[in-house]
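The block underneath contains the structure these notes are about, expressed in structure tokens.
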Amino acid sequence: MTTTRRVTLARRPTGTATPDHFVIEDVELDDLEPGQVRVAVEYISVDAGTRTMLRGEGFHMQVGIGETILAGGVGRVIESAAEGWEAGQAVTGGFGAQTVATVPAAHLVRVDDSLGPLSLHLGLLGGSSGVTAWIGIREVAKPQPGDDFVVSAAAGAVGSIAGQIAQRDGARVIGIAGGPDKVRHLIDTLGFEAAIDYKNDDVGARLKELCPDGVNGFFDNVGGPILDAVLDNIAMHARVTICGAISQYDDMDDITGPSMYLRLAERQSRMEGFAFFHFPQSIEPAMRELAEWADDGSIVMTEHVLEGIDRYPEAIQFMFEGGNIGKLLVSTV
């Protein structure tokens, strides 16, 4: 009998989600039904949006008490009752936080395992990471050559790729991140023009120094005071792109909205939010170009991997404490 080791929701978090909100259990799996495929999951994506799935209501799909935590994953087929799917094929999909997933074949996506490690398909080539960054930059933010372009959570999976794409498009990119290690990563590894340490710097004052004529574009993953600081420093005709708001996810019932939003009117600027699935026509072009960059090594995606399914609850807390640089993953192998 095949078993899976899975992470389930024990109780809904109020505030920070800590390991005691989850249970790890082993479950015996039933035989496959026609049209189903069984996958040995190798890597599980750890994403900030998962926190909003634990509330019981909201924009994202929700996890019920006792249910497997929703998460993207990548692995290989180990058993199939669906035509066209064979053992050994590399696939990605919404496998959940578990070691073995049983899913309808229609929910699987084949991936090219010749491009590099399978984890690449959750990071640089992943919908919630690289594809989101590509669509946010190319379809929404649209930085222009010479723009002063600011990215928050710039050392994270989405922000680091968004900043690099904006650089490729000719912008002068300034990253905002927490701590000296992340600041060094942004400058020394990613090649950003400059970086601001929000934990130790006055963000507003540093923006005035680095962008004396104002910020032309802002790609925001954080919200809260960071968003306000940048809004207070936007240039005329600036473009503010809302990708996420990780500073707000622990208390979605008391969201702190931007108090400086009138700067948009004063400076004839716009603010627009998005999710990658709002642009289905752009997913394939994004994947194609990201794959080219992965193949030629012209873009960097640092991975932070925690080993073992039992560390998934720890990984959620680790992310919200700002512990990772780049894409945060849990490996099950």
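Just so you know, all these numbers are worked out from the coordinates, no wet-lab data involved. All figures in this text were calculated on a predicted structure; none of them were measured in a lab. Every residue, glycine among them, receives a Cβ derived from its backbone with ideal geometry; neighbour counts consider all protein chains shown.
Restrict the search to region 165-232; then list the trypsin sites (Lys or Arg not before Pro) that DSSP places in a loop and that have at most 16 other Cβ atoms within 10 Å of their Cβ.
Details: sites: Arg168, Arg172, Lys182, Arg184, Lys199, Arg206, Lys208; in loops: Lys199.
Qualifying residues, ordered by number: Lys199.
Taking only DSSP H segments of four or more residues, each worth -39500 (n - 2.57), what value at 222 nm results for the chain once the sum is divided by all its residues, to the nearest 500 deg cm²/dmol?
Roughly -5500 deg cm²/dmol at 222 nm, from the helical runs in the chain.
Find the relative contact order for region 128-277 and round it to a whole percent, using C-alpha pairs within less than 8 Å whose residues are 6+ positions apart.
On the way: 317 pairs, mean separation 33.2, N = 150.
So the answer I get is 22 percent.
Under a point-charge model restricted to the Cβ atoms of Lys and Arg (+1) and Asp and Glu (-1), what is the dipole moment magnitude of region 128-277 relative to its Cα centre, in debye to the nearest 20?
Dipole about the Cα centre, nearest 20: 480 debye.
Output the relative contact order of the chain, whole-number percent, from Cα pairs under 8 angstrom with separation of 6+ residues. Could you put the intermediate results ahead of the total?
Details: 765 pairs, mean separation 61.5, N = 333.
Contact order relative to length: 18 percent.
Suppose a student asked you for the relative contact order of region 100-192, using Cα pairs under 8 Å spaced at least 6 residues apart; what percent would you report? The partial results should precede the final answer.
Numbers: 114 pairs, mean separation 20.9, N = 93.
Dividing the mean separation by the residue count of region 100-192 yields 22 percent.
Which FRET efficiency value, to the nearest 0.05, is calculated for Val333 and Thr2 with the Förster distance at 25 angstrom and r the Cβ-Cβ distance?
The value I calculate is 0.95.
What order do you get for Leu32, Leu124, Leu329, Leu118 when you list them from fewest to most C-beta neighbours inside 10 Å?
In order of increasing Cβ crowding within 10 Å: Leu32, Leu118, Leu329, Leu124.
In terms of the ratio Rg/(2.2 N^0.38 Å) built on C-alpha atoms, what value belongs to the chain?
Working: Rg = 20.2 Å, N = 333, 2.2 N^0.38 = 20.0 Å.
With N residues counted in the chain, Rg over 2.2 N^0.38 Å equals 1.01.
Give me Thr132, Thr302 ranked fewest to most by other Cβ atoms within 10 Å of their Cβ, as a rough exposure proxy.
If I rank by nearby Cβ atoms, fewest first, I get Thr302, Thr132.
State, in angstrom, two size descriptors of region 128-277 derived from its alpha carbons: Rg to one decimal place and Dmax to the nearest whole number.
Calculated on Cα positions, Rg and Dmax stand at 13.8, 39 Å.
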